[in-house]
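K.L.:
Can you read through this structure? Questions will come right after.
The values are calculated or read from the model by the stated rules, or taken from the named source; none is laboratory data. Computed from a predicted structure; not experimentally measured. Virtual Cβ from ideal backbone geometry, glycine too; neighbours counted across all protein chains shown.
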Amino acid sequence: MCVDLIPVTVLTGFLGSGKTTILAQLVQNPAFVDTAIIINEFGEVGLDHALLEASDESIVDLSCGCICCTIRGDLVSTLTNLYERRTCGEIQEFKRVVIETTGLADPAPIIHTLMQEPKVFDNYRLARVVTTIDAVNGMRVLDHNPEAIKQVAMADTLLITKNDINDPLGIGPLTDRLDGLNPGAVRSICIHGETDPMYFFSGGIYDPSEKSRDVSNWLTKEAASSRHNHHSDINRHGSGIQTFALLRTKAISRGALAIFMQMLADQKGDDLLRLKGLVHLIENPEWPAVVHGVQHVIHPIKRLYAWPDNIVQTRLVFIVKGIEKEWVEDLLNKVTDSAYAGLSV
Ligand SMILES: [Zn+2]
């Protein structure tokens, strides 16, 4: 009775590889209406919902943990709850679901949960896994993060992002690497986050047997560990990775922001896994500036059209390895104070 089950697509990909940018484009696409979106973010301040610029009750934020580990149960209850609200007409009748994972997520427990949890598979079927891989940082990410290897190996579709800023170097070595990890995946280059919705929706049921033998082994391991371990809600990402947010109501000048971002990338880039945020600029107080950084790469500022919830406030979210929040806060204060005083830094 597969036709009655609601297809679920998992969108995964390492920190800063462009998942939200792709979703922000897709929600504007008429083919994407009737899609419920579940967004999972690390950190106490969720931003991705605001970055989508779509206010819809079928978009659910899960930003108090990671669905591959600490809040795996919340994924099940969110899906169950969405289905119940759909059945009683409380929300519009969505036809499909996209789950955006955190960048550090191990996809194996998520896929295991979607395929094996009765409360989920009674109403939903896992249709596809789509993974973003960044043309700039992709090789380094695969070298250092086992989760990224799994994200690539378990995918049906690999979307190569940021090729626009890496073009002169070519992406040959990266595509060779992807060939080795997952030769059967559909592959597409994604410029400025633009992609075809068909990569998200086509396909029947996710089939691990089409992937490498590692994929079946990872899923078998998940099945065994969930049978033997009732306390499965543990943090899989160790204590080495932290997340924190900086909030400020006082506006920042464009110049000070640029210096802050550059100093951060230059001095702490190796440990700066992800920086994203909305910034209250002195020059443009009426709209939030969107900032993104991944390790040593800082992206140009973009704009949102309005402040989410009408709250005019700078919100910067960091995912780091061992960078102290106080150090970042001090740097921001120093840079902004100098800019106010007209001094160069
Ligand atoms: Zn996790």
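K.L.:
Just the residues that are out of contact with any Asp or Glu (no Cβ under 6 Å at 6 or more places or on another chain), closer than 30 Å to Lys321 by Cβ and among the charged types (D, E, K, R), please, taken from segment 73-112.
P.N.:
Listed by number, the residues that qualify are Asp74, Glu100.
K.L.:
Does at least one position in segment 123-135 carry a residue that is modelled with pLDDT of 90 or more and out of contact with any strand residue (DSSP E or B) (no Cβ under 7 Å at 6 or more places or on another chain)?
P.N.:
So far as segment 123-135 goes, no, none of its residues is modelled with pLDDT of 90 or more and out of contact with any strand residue (DSSP E or B) (no Cβ under 7 Å at 6 or more places or on another chain).
K.L.:
If you don't mind, there's one more thing I want to ask. Considering only segment 96-110, how many residues are over 19 Å from Phe121 (Cα atoms) and more than 13 Å from the ligand (Cβ to nearest atom)?
P.N.:
Of the residues in segment 96-110, 0 are over 19 Å from Phe121 (Cα atoms) and more than 13 Å from the ligand (Cβ to nearest atom).
K.L.:
In the set Ile67, Ile38, Ile22, which member is more than 21 Å from Leu275 (Cβ to Cβ), modelled with pLDDT of 90 or more, crowded, with 22+ Cβ neighbours inside 10 Å and not acidic (Asp, Glu)?
P.N.:
Every option except Ile38 fails the conditions.
K.L.:
Please name all residue pairs, on different chains or six or more residues apart, with Cβ atoms under 9 Å, provided the first residue is in segment 64-92 and is closer than 15 Å to Ser226 by Cα and the second residue is among the basic types (Lys, Arg) and within 12 Å of the ligand (Cβ to nearest atom).
P.N.:
Cys68/Arg236; Cys69/Arg236; Thr70/Arg236
K.L.:
Of all the residues that make up segment 68-95, how many are within 16 Å of the ligand (Cβ to nearest atom) and either assigned by TED's automatic domain parsing to the domain that holds Leu275 or more than 25 Å from Tyr199 (Cα to Cα) (or both)?
P.N.:
Number satisfying all stated conditions: 6.
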